[in-house]
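What follows is a set of notes on a single structure, which appears directly below.
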Amino acid sequence: MNLRMIGCTHQESGLDVRQQLAFDAAQTTAALDAWQQRFDETEIVLLSTCNRVELYAASTGPANSLTTNQLIDGLLDFHNLSREQVEGQLLTLADQDVVRHLFRVAASLESMVVGEPQILSQVKQAYQCAQDVGTAGPRLHDLFQSALHTAKRVSGETQLHKHRVSIPSVAISELASCVFETFDDKHVLVIGAGEMAEETLRYLHDAGKPSIHVVNRSVEHGEQVAQKWDGQYHPWDQLWQQLSLADLAISTTAATEPLVTIEAFEEHVAPNRHQRPLFLLDLSVPRDFEPAVGEALGVYLYSIDDLDKACEQNRAARAAEFPAAEKIIVQESQRFASEQHRRMTAPVITELRAGLERPKTAELERLFQKLPDLDDQSRREIEQFADRLVNKMLHPPLESLRDASQNGTPHGLLDAIRRLFQLED
Amino acid sequence: MLTGINMLCFFASYAIALGLEILGLWNRVRLRRVALLLMASVGLFAHTWYLGVRVAESPQAPLTSHRDWYILAAWALAVVYLTAKFYYRKSSMGLFLLPAVLGLIAASRFATTVPLATFEAPRFWGRIHGLFLMLGTVAVLLGFVAGVMYLLQSYRLKHKLASGDRLRLPSLEWLDRANSRSLGAAAFFVGGGFITGILSRLAHTGSRNFIPWTDPVVLSLGGMMVWLLAAEVFRLVYPAARRGRKVAYLTVAAFGFLVLVLGVMTLEDSLHGTETAAMEDAAEDAQ
């Protein structure tokens, strides 16, 4: 299998590049459709979160049928970007490195906040979306199922996920608490009612009893989230009014352009606030708040990349669990590789077995015709003898094949067996 | 055994506590906090004992001289520090409060031990005057410390430097509240101190009504009082000044006035010292 991954992550790329390469739900579907037509016989899954944009591709053809450069061109063409704009900021992986990387991503080892649970559902959603569009096939199915299995093992067998952590929880506990002494009497505004917004509200609900206000374009979903967290829903056109009242605002929309520009903030919000402190947590990629908004008096604006330092502390606190998690990743990626190689050799083994079964059956029939007086007991003994003989004859080549499969697909050996036993291609 | 306690004892204890606070910026070694609390507690105990001895020696103490006055103000700040340290275990407030404590103790070395003139006659108003001004000084210093911490914390948050740092400051909300309350308290105590000073003077001079309005101490104290009252009115009237950096700037500026008053009081205090009698005689001659 020709397996490749290209993309950008919070480790390699800045927020400026990530937000240019980011995909919302509609764009993901459109991109998968476009790539399906562009890359023949290739399975594709696109994972786009606030911290990463990763394109996973598996092709059945020969190694040169799908190259990394082709995939990069496909990704950049969709966003009308040039290579110069992302130079040195893209991560490219192939074959077993892709497997290890995806397993680490799903297990949240590559996350900004190690141990955060959202990434697992994001990986599931990415695969589900590819399945719905029809770009995911059996190869990526195996890969993503193994990744989910690995993530569950890491979660269950290590302490990495012991205390529920997330980007919002780290941001609020480490940074918002530097602004506010308590969240009990605060006006909390959530812009966008996605999963990250819910995660934020979950943490705030535990941290205190703030007055929660949700502004969302979809009335139904906004009301649903507000009701779930004892909050109040406000229509989208009340965004400025709510921002004027808020102490803490968390933005998690999928908007492709900034919602709050410095001009709009100075015109609609700042005059009503009288420099009252406002902590803005912009968890959206692309950004919902223009960086210049953070320059306004009393405003403390944090985007996803500004949380790096706070997340490092979380990473350090969980460092003791890393070796155990890494061990699981290694075990599972080896198991996946062996399984893949076994699948590659399976048709040859089946043919080899069939190639010996056929003469065995023919010879047994001939023998039983020559000896018609044999009782059932004797017939069974002879059949078992023939089976044992075939198995013993098959054992050395199968053993060699299994050993060779541990280190990759044994193309040479498979070819030799095909020739020796005159098997069909 | 405890009769040997002098200023050096508690100054050194507070200095070591400050050293341990500074050490915490680089390395939070084990038992550092315990050692820090121990040194601050030892310092406060010695400080209290020293003041107790002073009271035993002179019933009017600890507000009978400039030196005692400084030491009492330092004691009040040290109590605030130790209390804050128990409530905000990981906070680095000591980096800001302890220098103020040490500064007041150091200033007391240069202050006179001559009894304050106002205490020689009507003790009640004199004592209230001294107490109000001492509390006003403590309030201004606390406001200054909270203001500096606010500005620093705000700067760190603006420039994304606040997390993962060993310098841990209280939240902006807490500092804002501390600032506002300090400013209000400072305006009240300094204003009260000024008025009780006049009352003390009137009670002392009786019908002669001699109030030296041009005296540098009166002028500087009057200036500080006007500033604090104006700042408090400004804070109450103008919404944007009720919070945040504006209050911090107001309290930091009040500290400037305090330094001026204390400087004038230490260097040329004609009002509370021995020069007063000469001035009164001159006034009588003029009449």
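Calculate how many DSSP beta bridges within chain A are antiparallel, expressed in % of all such bridges and rounded to the nearest 5. Write out the running numbers ahead of the final one.
On the way: 19 of 41 bridges.
Counting only bridges with both partners in chain A, antiparallel ones make up about 45 percent.
Taking amide H atoms as placed 1.01 Å from N in the peptide plane, the amide H of residue B:65 lies under 5 Å from those of B:116, each 5 or more residues away in sequence or on another chain.
Sparse packing (at most 16 other Cβ atoms within 10 Å of the Cβ) combined with a DSSP loop state is found for the following chymotrypsin sites (Phe, Trp or Tyr not before Pro) in the range B:1-91: B:26, B:88. With neighbours defined as other Cβ atoms within 10 Å of a residue's Cβ, the residues A:185, A:306 order from fewest to most as A:185, A:306. Contact order, relative form, for the range A:2-162: 31 percent (alpha carbon pairs under 8 Å, 6 or more residues apart, mean separation divided by residue count). Compared with the dominant principal axis of the Cα atoms in chain A, helix A:411-420 is inclined by about 20°.
Here the relative contact order of chain A, from alpha carbon pairs under 8 Å that lie six or more residues apart, stands at 14 percent. Taking chain A as a Gaussian network of alpha-carbon nodes connected by springs under 10 Å, the highest mean-square fluctuation of the residues A:274, A:213, A:234 belongs to A:274. Mind telling me which of A:362, A:176, A:354 comes out most flexible in a GNM of chain A, alpha-carbon contacts under 10 Å? Largest GNM mean-square fluctuation: A:362.
Once you list every other residue whose beta carbon is under 11 Å from the beta carbon of residue A:59, what net charge do they have if Lys and Arg are +1 and Asp and Glu are -1? All intermediate terms of the calculation are to be shown ahead of the outcome.
Working: positive: A:4, A:139; negative: A:40, A:41, A:43.
Within the 11 Å Cβ shell, the charges total -1.
Using 0.36 nm per residue and subtracting the Cα-Cα separation, the extra length available between residue A:85 and residue A:37 on full extension is 14.7 nm.
In chain A, the longest principal axis of the Cα atoms and the axis of helix A:68-78 are about 40 degrees apart.
For the range A:167-310, the relative contact order comes to 23 percent (Cα pairs under 8 Å, sequence separation of at least 6). Near residue A:190, the amide H atoms lying under 5 Å from its own belong to A:213, A:214, A:215, A:250; only residues 5 or more places off or on other chains count, and H is placed 1.01 Å from N. Each residue of the range B:248-257 was assigned a 3J(HN,Hα) from its phi angle through the Karplus expression (A = 6.51, B = -1.76, C = 1.60, θ = phi - 60°), giving 4, 5, 4, 6, 5, 5, 4, 5, x, 4 Hz with x at Gly and Pro. Antiparallel beta bridges, as assigned by DSSP with both residues in the protein assembly as shown, represent about 45 percent of the total such bridges. Output the 0 to 90 degree angle, nearest 10, between the alpha-carbon long axis of helix A:219-228 and the longest principal axis computed from the alpha carbons of chain A. Roughly 90 degrees between the two axes.
Along the range A:117-130 the Karplus relation, 6.51 cos²θ - 1.76 cosθ + 1.60 evaluated at θ = phi - 60°, assigns HN-Hα couplings of x, 5, 4, 4, 6, 5, 5, 4, 4, 4, 5, 4, 4, 5 Hz to successive residues, with x for each Gly and Pro. Taking chain A as a Gaussian network, Cα atoms linked when under 10 Å apart, which of A:410, A:372, A:291 shows the biggest mean-square fluctuation? Top of the fluctuation ranking is A:372. 3J(HN,Hα) couplings calculated from phi for the range A:31-38 with the Karplus curve 6.51 cos²θ - 1.76 cosθ + 1.60 (θ = phi - 60°) are, in sequence order, 5, 4, 4, 5, 6, 4, 6, 6 Hz; Gly and Pro show x. Under 5 Å between amide hydrogens, built in the peptide plane, is the criterion, and for residue A:278 it picks out A:299, A:300 among residues at least 5 positions away or on other chains.
In chain A, once you exclude exposed trypsin sites (Lys or Arg not before Pro) (DSSP loop, at most 15 other Cβ within 10 angstrom), what's the longest stretch remaining?
On the way: sites that count: A:162, A:164, A:217.
Here the longest segment lacking exposed loop sites spans A:218-425.
For GluC sites (Glu not before Pro), the sites in the range A:12-110 that DSSP calls loop and that have at most 10 other Cβ atoms within 10 Å are A:87. For a straight C-alpha distance cut-off of 16 angstrom, the lysines reachable from residue A:124 (same-chain residues fewer than eight places away being disregarded) are A:152.
Each value in this text was obtained by applying a stated rule to the coordinates, not by laboratory testing. These numbers were taken from a predicted model, which means no experiment stands behind them. Glycine gets a Cβ as well: all are built from the backbone with ideal geometry, and neighbour counts include every protein chain shown.
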